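The values are calculated or read from the model by the stated rules, or taken from the named source; none is laboratory data. Predicted model, so just to flag it, every value in this text is computed and none were measured. When we count neighbours, we look across all protein chains shown, and the Cβ atoms used for this are built from the backbone with ideal geometry, even at glycine.
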Amino acid sequence: MGMRHIIISAVLIVLCGCGSTKSKLIGTWKGVQVPQSGSPNFRDAAAGAMGNLVASGSTLEFNKDGRFKWSMVMGAGQGTYKVAGKEVTLNFESLAPTQPITFVLADDGKTLSTKKDFGSDATITFEKQ
């Protein structure tokens, strides 16, 4: 009977870990400008400037039902989100096919930033309101 309790406890810990990330997301996040890594590549500099333009005046709102709404100066989008550990993937609903965007929740739960493959990649960051 002791082993059964250990297994049940382990399963609950894993399930609670996912739920806690999702519960930290619920609510409104405001886009913030982030200094971009210095890269001599024009494309990296342009992407960084575009990332900051997108973040300016943007809000990202998550609800408990797995849906999000992203409001920007130049429009809005919505769709569903999935949580895997500290990663949050947004899947937009639109007529044209779009790529999902993955964010990473900071350990303190206060910022959400785009997942980067390279240090010079542009970053879009949101802060919890």
Quiz item: surrounded by 10 or more Cβ atoms within 10 Å (Cβ to Cβ), on the phi > 0 side of the Ramachandran plot and at pLDDT 75 or above: does that describe G27?
Solution: yes
Quiz prompt | Residue selected from region 107-129 under the condition out of contact with any strand residue (DSSP E or B) (no Cβ under 7 Å at 6 or more places or on another chain) and without any contact (Cβ under 8 Å) to a residue 40 or more places away in the chain, by the criterion surrounded by the most Cβ atoms within 10 Å (Cβ to Cβ) | solution = K116
Quiz item: Within region 58-72, can you find the residues that are under 21 Å from S20 (Cα atoms) and assigned to a loop (DSSP other than H, G, I, E, B)?
Solution: N63, K64, D65, G66
Exercise. Could you tell me whether region 93-111 includes any residue that is in a strand (DSSP E or B), more than 23 Å from S20 (Cβ to Cβ) and either out of contact with any Asp or Glu (no Cβ under 7 Å at 6 or more places or on another chain) or not β-branched (V, I, T) (or both)?
Key: no
Quiz prompt | Matching residues in region 63-98 - criterion: being over 16 Å from T114 (Cα atoms), among the acidic types (D, E) and surrounded by 11 or more Cβ atoms within 10 Å (Cβ to Cβ) | solution = none
